[in-house]
1. Taking the DSSP beta bridges in the chain as the whole, what percent of them are antiparallel, to the nearest 5?
2. For a Förster distance of 30 Å, can you work out the FRET efficiency between the beta-carbons of E32 and S467, rounded to the nearest 0.05?
3. Mind listing the phi-derived Karplus ³J(HN,Hα) values for the stretch 36-49, rounded to whole Hz, using 6.51, -1.76 and 1.60 with θ = phi - 60°, and x for any glycine or proline?
4. Give me the distance in nm between label points sitting 7 Å out from Cα along the Cα-to-Cβ direction at T260 and D78, one decimal.
5. Once you have a ≥ b ≥ c as the square roots of the Cα gyration tensor eigenvalues for the stretch 495-613, tell me rounded if a/c is under 1.5, and otherwise prolate or oblate according to whether a/b is larger than b/c.
6. Would you please name the GluC sites (Glu not before Pro) within the stretch 36-87 that are DSSP coil residues with at most 15 other C-beta atoms within 10 Å of their C-beta?
7. Hey, got the dipole for the stretch 306-470? About the Cα centre, +1 on K and R Cβ, -1 on D and E Cβ, debye to the nearest 20?
8. Given H placed on each backbone N at 1.01 Å, which residues far from G216 in sequence or on other chains put an amide H within less than 5 Å of it?
Amino acid sequence: MSTAELPFVLAVVGAGPRGVGVLERLGANAAELLGERRLVVHLVDPFPPGAGRVWRYEQSPLLRMNSMPEDVTVFTDDTVRIDGPIRPGPSLIEWARLVREDALDVGIDDSLRAELEALRSDHFPTRRLQSAYLSWFHREVLAGLPAGIEVVEHRTRAVRLEDGEPQSLWLEDGAEPLEADAVLFTVGHLDAEPDRRETELVDFAARHGLAYYPAGYTADVDYSAIEPGETVLVRGFGLAFVDLMLLLTEGRGGRFEEQTCGGLKYLSSGAEPVLHIGSRRGVPYHAKIGYRLHGKPLQLPRFFDAYAIEKLCAVPGSLDFRRDVWPLISKEIAWAYYSELFTAHPERVRMDFAVFADAFADAAPGELDALVARAVPAPEDRLDLDRLDRPMAGLRFGTAEEYGKELREYVEADLSRRADAECSADLGAFMALLSVMGQLPVLLQTGRLDAASQLSDLDGWFLGFFSYFASGPPPRRLEELLALQEAGLVSFLGAEMRVVADEERRRFVASGASFPGETEACTFVEARLPEPSITRTSDGLLRQLRDDGGLAEEVVLDTVTGDRLLAGRIHTRVTDGRMLDRDGRPHPRRFALGPHTSARSAGAFTRPRTNALPFRQNDSVAREILRLAAGARSAFSGLNASSRPAP
């Protein structure tokens, strides 16, 4: 039998929404690229296909998405700039409506029926309902595959990969390996062993009979050893904290009750600990916005697009993110913010938008503040990115109680602003941030960003700012936070939180920059996901590939010192997702996609009609794999050509 008569075998390690998204693109592009060659796809994942680990049904019903169902889709639409065909489909809210109308044959668990019937476009669904949507998507993809593509599912882990023609992929429950012509990793977030500082805290806790919980995915951590009434230090005020807060309060039998005068009251079960929370900012992530844009359609990207990046990179020397890139990004954010303010709320400005837009486009970074001061009379209508980023910077309070009062007022103001359509300019800024995220791979593939700046300013500061401003919790979660504070089960430790392992006191001791004093505890929780690290990865397969040299941690070169700095991520070629080995060579038949690869993509699903980067990546890699299967010469065009949204 000739090679052309044998099936081409692809192993996909990770069968969550990203893995199934690539499978959908394989099916969509097969008619053009696969020819007569058969394709066998092995989906390998111990968690349910479609939903994967994060969105599996078997998790607490208290845990919700931080996106509204109208903002969630797994289907391409006509804004997505890809070479393959567009295959539209329902968003989460459209899917729910179709299920309610019996227009789709979907078996819904009885525990989800009431939520499904009540779901509205501005609700925040449970992760279990999202699981049902993703599981249905998986079944739809399988049903729509052409006859030449076969899928085999393996509910187990991949534990070893050996190179060769073909490659051998060993499964945890298999006596013989899968023989695969190509392997695609869609691994999502990377779990990691504790870093040096966390290891020291683990050892300290073990010596003194304390409890320390390193960074981890909250839904998978066992917190049952935390005692009722116990003082617990919590570092981190983002989405991982929100999950922790719910699991240790409502998850232990308490309940929230609507008050007739507004707000929530928490009724304790008596099984809850007392949480003392702090972080660098000292404040929780902003609540998700609850309104739509009201002005003219935004024209994005405007100041941070492929052309602007190309022009920026024409200047000799390496780029510093803060000095060279951030001015373009901040101008993009401000452009979207003021576009919405001027066109949706013209009564609050004193300049014609066309005049403002021309002056804004021509203004140098130092001139924008003066232009805005002339055009926008109310200070509260002006965008202050520095204050948004560090709202408690420079503020000092005499006591924890004073700080708690200030933080409560801050959260209440945030809830009000995120619910008030008069503040819709904030949504303009949000949309600009999404656009910026879609352009970052264009910047990264130039290789011009200074290594130290890439790690500290892009990976560290900017991506953190994006999550803080644009990826916060549903508003109700912050209302619940306030109710728990009122009930005495939550207190706040302030900005620039510090935790010391005090050998003399044999306790964890926390303090901050916002007020004097310390808080001691026997239990300390890191409420955050681990930083990406191939060096410390806890995944056996990735460790084996790292040790064998077949997989490398992304390295960026410091052009000043010549040092090679580790970025933590799976090193991939940004243009086509190919994995690089320890010598920087791309493997011809290994690919990786996901947030912890060099491409730094967002989640596997996204808002409709945003030319989402994950869809573009899925399509490009699927087409490359199909060319391999058909034996055709690679015709990969890269992400650059597809980076500009449709007009």
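1. Values: 29 of 66 bridges.
That works out to approximately 45 percent antiparallel.
2. Values: r = 37 Å, r/R0 = 1.25.
Calculated transfer efficiency: 0.20.
3. Using θ = phi - 60°, the values come out as 8, 6, 7, 10, 10, 10, 9, 8, 10, 6, x, 9, x, x Hz.
4. 5.3
5. Working: a/c = 2.39, a/b = 1.83, b/c = 1.30.
It is prolate, given that a/c is not under 1.5 and a/b is the larger ratio.
6. Numbers: sites: E36, E58, E70; in loops: E36, E58.
Sites meeting the loop and neighbour criteria: E36, E58.
7. Values: 16 positive and 28 negative charges, 51 e Å.
Here the stretch 306-470 has a charge dipole of around 240 debye.
8. Correct list: R528.
Read the figures in this text as sums done on the coordinates, not as results from a lab. What you see is a predicted model, and the numbers here were worked out from it, not measured in a lab. Every residue, glycine as well, gets a Cβ built from its backbone with ideal geometry; the counts of neighbours run over all protein chains shown.
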